1. Where the second residue is assigned to a loop (DSSP other than H, G, I, E, B) and more than 8 Å from the ligand (Cβ to nearest atom) and the first is assigned by TED's automatic domain parsing to the domain that holds Phe76 and over 13 Å from Lys82 (Cα atoms) and lies in segment 100-114, which pairs have Cβ atoms under 9 Å and are six or more apart or on separate chains?
2. If you check Ile50, Ile68, Ile108, which single one turns out to be loosely packed, with under 14 Cβ neighbours inside 10 Å, outside any loop (DSSP other than H, G, I, E, B) and within 14 Å of the ligand (Cβ to nearest atom)?
3. Mind checking which residues of segment 72-86 are touching a Ser or Thr at 6+ places or on another chain (Cβ under 8 Å) and within 16 Å of the ligand (Cβ to nearest atom)?
4. When segment 111-135 is examined, which residues are found to be away from the ligand (no atom under 14 Å from the Cβ) and closer than 19 Å to Lys75 by Cβ?
5. What about Glu93, is it within 13 Å of the ligand (Cβ to nearest atom), within 22 Å of Ser64 (Cα to Cα) and either loosely packed, with under 10 Cβ neighbours inside 10 Å or not small (Gly, Ala, Ser) (or both)?
6. All but one of (1) in the same structural domain as Leu123 (by TED's automatic domain parsing); (2) modelled with pLDDT under 95; (3) among the hydrophobic types (A, V, I, L, M, F, W, C) hold for Val42; state the number of the condition that does not hold.
7. Could you please let me know if Ile89 is touching a Ser or Thr at 6+ places or on another chain (Cβ under 7 Å), part of a strand (DSSP E or B) and assigned by TED's automatic domain parsing to the domain that holds Lys114?
8. Restricting attention to segment 1-47, report how many residues are in a helix (DSSP H, G or I) and of a type in the set (A, V, I, L, M, F, W, C).
Amino acid sequence: MNEEIFNKTKQTNKQKYDNGIYLKTQNFKDKSKQTCIKKYGVEYYSQTNISKKRYFNKISNELSNNYILLKFLNKFLSIKHKTCGKNFIIHRESYRTRIKRNHEICTICNPINKHWSVAEHRLFLYIKSIYNNIIIRNTFKIIC
Ligand SMILES: [Zn+2]
């Protein structure tokens, strides 16, 4: 699409629809809901059992062999980490971020909102595996 056509389309959409994007209009939203209710009996496709099952399979396939997806809890996922043997609950957004960044997903092995980096936490886990005493974290004191 050349720039002239693009700008003309944009102008037309702005004149026809308040914000310039039909998908954002109340008319579209209402029509979409009505169609979904007619077809599936719910307001949004994501509320259907088919959609939930597809999402469950997608997450299950995405997880490495170290994890088992147990169930959905609204916006959270319940997952078992085979390595530590514990079940944990993680928000879908945190899960997505950890998958994208290739970080440890387990919130027990890699707690959320702790004040250390992933690299520091990996170092901690390594030290813990070879050292059986108290390990002091988050200190700027010189240890000697
Ligand atoms: Zn774990």
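1. Asn110/His103; Lys114/Arg137; Lys114/Asn138
2. Answer to the check: Ile68.
3. Restricting attention to segment 72-86, the residues satisfying the condition of being touching a Ser or Thr at 6+ places or on another chain (Cβ under 8 Å) are 72.
Once the filter is applied, which keeps residues that are touching a Ser or Thr at 6+ places or on another chain (Cβ under 8 Å) and within 16 Å of the ligand (Cβ to nearest atom), segment 72-86 yields nothing.
4. Asn113
5. Taking the combined requirement at face value, the residue does not satisfy it.
6. For Val42, the failing item is (1).
7. Taking the combined requirement at face value, the residue satisfies it.
8. Qualifying residue count for the region: 6.
The values are calculated or read from the model by the stated rules, or taken from the named source; none is laboratory data. Note that this is a predicted model, so its numbers are computed, not measured. Ideal geometry is used to build each Cβ from the backbone, glycine not excepted, and the neighbour counts take in all protein chains shown.
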